1. Among the listed residues A109, A37, identify the single one that is touching a residue at least 40 places away in the same chain (Cβ under 8 Å) and not β-branched (V, I, T).
2. Check L177, L199, L182 and return the single one that is open to solvent by less than 70 Å² (accessible area, probe 1.4 Å), free of Cβ contacts under 8 Å to residues at least 60 places away in the same chain and part of a helix (DSSP H, G or I).
3. Name every residue in the range 391-411 that is touching a Ser or Thr at 6+ places or on another chain (Cβ under 6 Å) and either under 15 Å from L333 (Cβ atoms) or outside any helix (DSSP H, G or I) (or both), in order of residue number.
4. Which residue, of F548, F537, is farther than 25 Å from I224 by Cα and of a type in the set (A, V, I, L, M, F, W, C)?
5. Which residue pairs have Cβ atoms closer than 9 Å, lie 6 or more positions apart in sequence or on different chains, and pair a first residue in the range 1-30 that is open to solvent by 70 Å² or more (accessible area, probe 1.4 Å) with a second residue that is at pLDDT below 85 and among the hydroxyl-bearing types (S, T, Y)?
6. Taking the condition modelled with pLDDT under 95, more than 16 Å from ligand 1 (Cβ to nearest atom) and small (G, A, S), does G491 pass?
7. Examine the range 707-723 for a residue that is touching a residue at least 60 places away in the same chain (Cβ under 8 Å), under 21 Å from T480 (Cα atoms), of a type in the set (G, A, S) and in contact with a Ser or Thr (Cβ under 9 Å, 6 or more places away or on another chain), and state whether such a residue exists.
8. For the subset of the range 258-279 comprising residues that are out of contact with any helix residue (DSSP H, G or I) (no Cβ under 9 Å at 6 or more places or on another chain) and not aliphatic (A, V, I, L, M), which member is nearest to ligand 3 (Cβ to nearest atom)?
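The values are calculated or read from the model by the stated rules, or taken from the named source; none is laboratory data. Bear in mind that the values here come from a model prediction, so they are computed numbers and not experimental data. Cβ: placed from backbone, ideal geometry, glycine included. Neighbour counts: every protein chain shown. To get the accessible areas, we keep the full protein, side chains included, count just its heavy atoms, and leave off ligands, DNA and RNA. Shrake-Rupley method; radii C 1.70, N 1.55, O 1.52, S 1.80 Å.
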Amino acid sequence: MFALAKVFVEQYELFAFNEPYKNELEIIKVWHTMPAAKLRRFKELTEFVLQDLDEPTNVASRAKHSRSLREQGNQVYKTKSKKSGNDLTECLLSASRLYTQAILEAENAYEELCLGFANRAMALQDFGYYEQAYDDCECALEFGYPKNMQHKLIMRQAYCAWKLGDAQKLGEHVACLEQLELNASFTQQLEQLQQELQLLQSNPQAEEVKEAKLDEVKRNNTEISTDAGGRGRYMIASQRIKEGEIVFTEQAECFVPTQGRLICQQCAASLLCAPIPCTRCHQRVVYCSRRCRQLHATIHGYECEAYRRDLLLPIGPFHLALRLVLTYMPQWLPQLRNGGSTAAELWQTLISIASAEHHWPTAPQHTQSLCMMHHLDKADASKLIYCVLSANQLQVYLYKCTNFYDQLLASTAASAEDWHLLLAALIARTNNQLLNNAHVGDAILPRDLGFNEFVLLRPQLWRAPFRLRLGCLHKFDRTTLVKSLNLPYYGLCNHACEPSLRSWYDGRSVSSYAARNIEPGEEIFNCYTLNYKMSSFAKRKEQLEQTFNFQCSCSKCVRAEPDQDYFAFHRYRCQHCEQIFVPAQLAELSWWQEPEPPQICCTVCQAPQDFSWHEEFLVLCACCDKPNARHEAYKVLDYLRNWLLDYHSLRQCLAKKLILACLTAKAAGHPFEDTEFGHLGRIMEYVLAGTEAQIGSNAVEYIPIMGCLFDLIAWGKYKCSKQRLAKMRAKLDYLAGETRRIFVNYYNDFIEPHYSS
Ligand SMILES: [Zn+2]
Ligand SMILES: [Zn+2]
Ligand SMILES: [Zn+2]
Ligand SMILES: [Zn+2]
């Protein structure tokens, strides 16, 4: 990372650029016409980065680390025979977690890698993750599991195939085992599996009804208008859309995980219980399954060496631009075949596609992506140069370290020299489009989840696959950004500070629902910042100008008092004159988040306010395992209602802290009096109502707090009306499939029983 930054600084100095912006290709050409000596130095530096960043693997030390972790896993696994219930699941998950670390650590120490996979398969199978255990066996075999022990893995695969009801696979493995000489115990296991196979064949299980996937894109409710007068394209409702109805869905053909996060690179799943890493690129890439690894093989083939060199982390947002170009090039190339033989001609061909008229709702994503807006013409020179340097670095990387150029040279009449220019220009252009158009997708995860930690393997959380223990739903306590996606159709929505949409991400897909009733012909808006109730006009203005180069003129921003709705969440009663006030300075509104909080004074009588209780409250939250501290905290929060009015941001924030601290203490086994649940229930209802007032009850942010209330209901200590419960249950249907599965199981296991009688 250091190397790249240093190189860019030196290259920046070589690169005299003082012409007005024309287009990306023209900028790239400028440096190709540098004086020869400078150009040589420039190229040296580019290649130096590629060599300097290459980290060779020390196989012996990898193997040692991996072996030690696997042996720790074995120690844990061995104790399983003495355990049952939650202790047993804890043992199996602890072992799986250690085996997973052993697999990641092994990298290309294949001997250790295949043993790690084989052992994880055993623990996962015991726990009930049969698909993953099956895949792990396959991986162990792929990476050279010793021949004389392979029958064990085949037996395991046969068992998993049986559990999964897959007669075909079970048949194949049984046939294979029948050819081998087995000892008495294995022969007995084989006989059992032969019987199961017969049963399975005579009673074929009903085809499992696969959940309807969002593969099919829904856009009947919208159309795109184009205004030649300068407004560009925008989305309008083609018919009446009622609140909560789907406005459109879109599935991204390319996305990248948020910096350093280990989610499946193919399907964007964020809940992995058996991550399968690429063995070459130093634990930076994982998949949820072998199938996903295979589907992603072509793209990863171009990126693996970049991951290996850690080239993608320092270039940040350029990674998505790179991936977009890698993904769409095979679709662009046929259009470039007869589009000329020089960089300039090919560039012109691409630009003419971008400026042509398209039918937006049905245009393919590779065409939509070429057409995305960008504001490079408004960027200053240093931004332009940085952009060009990064794009060039990636282009050289593709040329030197991958076979990406083969298809370029085979499909067009242009030379490698031309492609150096064109590819760098294309990456630069794409990156600038994405700065305005890329979307970030979230997932509901525990707040304290480490980057290389997998929540499904947390030992004390689960009692069966995707089934949480009682009182543990609150662990999924926040929405976390996990991926950046290219969603060009979604990108056509203009900004307003009061969005018309609530968007929910699921893997590569986004589904946008109407936040309120939308009339036919009405424009549909997305909000690129925090909404007008959650942020000040000045803050939004700054963000929109800096990142998106425009000034918002939405109905909320052009009002005489654009901050009135934001201030509604910051109303105090003066401790001295008892009048209501909002602090005078914007910077004072979130004083409790400041490292050195300013003194807040009443704007009516100027008296300074005493917030010494704030620190004390935080101390109480840290001691919630003690009943006295909890009772004191309930009291303080109750008292605050007189001074922090309505859904005051600080009161909501403290209420959330207290809820999580109490639920953590309760889940850890600390006893609670029955009366306390009444307090907790009221506090949760308060936070839910506040979230509804500020963001809406069908926003994803509502779910984690609802999860806390579900824990309370699950303990049988709190009851809301059946009607209310049904409303909350309905919200689970918005969730991403993997998360929905966990929440719905929890609902069925622990909530429903309290209401069915
Ligand atoms: Zn996947
Ligand atoms: Zn790799
Ligand atoms: Zn606005
Ligand atoms: Zn006052």
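1. Values: A37 fails: touching a residue at least 40 places away in the same chain (Cβ under 8 Å).
Every option except A109 fails the conditions.
2. Working: L199 fails: open to solvent by less than 70 Å² (accessible area, probe 1.4 Å); L182 fails: part of a helix (DSSP H, G or I).
From the options L177, L199, L182, the qualifying one is L177.
3. Listed by number, the list is empty, since nothing qualifies.
4. Details: F548 fails: farther than 25 Å from I224 by Cα.
Of F548, F537, the one residue that is farther than 25 Å from I224 by Cα and of a type in the set (A, V, I, L, M, F, W, C) is F537.
5. Sorted first by the residue in the range 1-30, then by its partner, the pairs are Y12/S382.
6. Details: modelled with pLDDT under 95: yes; more than 16 Å from ligand 1 (Cβ to nearest atom): yes; small (G, A, S): yes.
Spelling it out, G491 is indeed modelled with pLDDT under 95, more than 16 Å from ligand 1 (Cβ to nearest atom) and small (G, A, S).
7. No, every residue in the range 707-723 fails to be touching a residue at least 60 places away in the same chain (Cβ under 8 Å), under 21 Å from T480 (Cα atoms), of a type in the set (G, A, S) and in contact with a Ser or Thr (Cβ under 9 Å, 6 or more places away or on another chain).
8. Of everything passing the filter in the range 258-279, T258 is nearest to ligand 3 (Cβ to nearest atom).
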